[in-house]
1. Would you mind checking the tilt of helix 259-269 against the longest principal axis of the Cα atoms of the chain, expressed as 0 to 90 degrees and rounded to 10?
2. Between residue 129 and residue 21, what's the calculated FRET efficiency when r is the beta-carbon distance and R0 is 45 Å? Round to 0.05.
3. For the chain, what does the helix formula give at 222 nm: sum of -39500 (n - 2.57) over DSSP H segments with n ≥ 4, over the residue count, nearest 500 deg cm²/dmol?
4. Note down the nm distance, to one decimal, between modelled labels 7 Å out along Cα→Cβ at residue 251 and at residue 47.
5. With an 8 Å cut-off on Cα pairs and a minimum separation of 6 or more residues, tell me the relative contact order of the stretch 42-269 in percent.
6. Sort the following peptides by mean Cβ neighbour count (other Cβ atoms within 10 Å, averaged over residues), highest first: 214-222, 236-244.
7. Normalised by the residues of the stretch 66-137, what does the relative contact order come to in percent, with Cα pairs under 8 Å and at least six apart?
8. Between residue 59 and residue 240, what's the calculated FRET efficiency when r is the beta-carbon distance and R0 is 35 Å? Round to 0.05.
């Protein structure tokens, strides 16, 4: 009887250790794979070459500590739109026609490190630094009357960071969130995300410093960014009351296909 109890306790301990080992391996895998899960670089060398030959598109290359970041400028007018685009986009496609899609506005955007023709690897600190450098370089080129920052999805955080540190007139956030750490935790609630994540992109922490008119365009059926995170972000603004527009029927990746999106954005940019 005594040997049976010992055997049972030994098996129980082995079971607990096995579960802990598997859990630890899962946490380690998520830690090692987080860049793969978070960043999705894309490039189209042939299309990039056509833009280089297009006289309506200006290519700007900024030196960084691990190479160069490459971006484009197109359009004319007294309004200047600096667009920090979505995580899986290629900025070059925004300049397909050599003009700005925003009436009477210049469009400026860059490929983040590791994206398009830009060198290096994306990291939160690098992207924030590059956002400021791109603002300083391109705004000086045109000296516009009105500067508008736009940020979509993951990179809405970069737009908030730049708006917090540079003089801008308006801010547009498309499918934004409070922090990537919270977004990740909503999916991987069974692991200690705050202790594993390297780039938290905490937008809610910076939002209290934003004082310019701000528009939040939100997809009604956003399957990527939790609504609770949006609500937390909205509550974080203290110097301005953001206008929140829920785009009906839209998903995270189709929001810009809605006429409501286009109408609200056009009204805000005027």
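1. 60
2. Once the sixth-power term is evaluated, E becomes 0.70.
3. -13000 deg cm²/dmol
4. 2.0
5. 15
6. Answer by packing, highest mean first, reads 214-222, 236-244.
7. Relative contact order comes out at 40 percent.
8. FRET efficiency, residue 59 to residue 240: 0.50.
Read-outs throughout are calculated quantities, based only on the coordinates presented, and are distinct from any laboratory measurement. As the structure is a computational prediction, the values presented were derived from the model and not from experiment. All Cβ positions, even for glycine, are placed from backbone atoms using ideal geometry, and neighbour counts span all protein chains on display.
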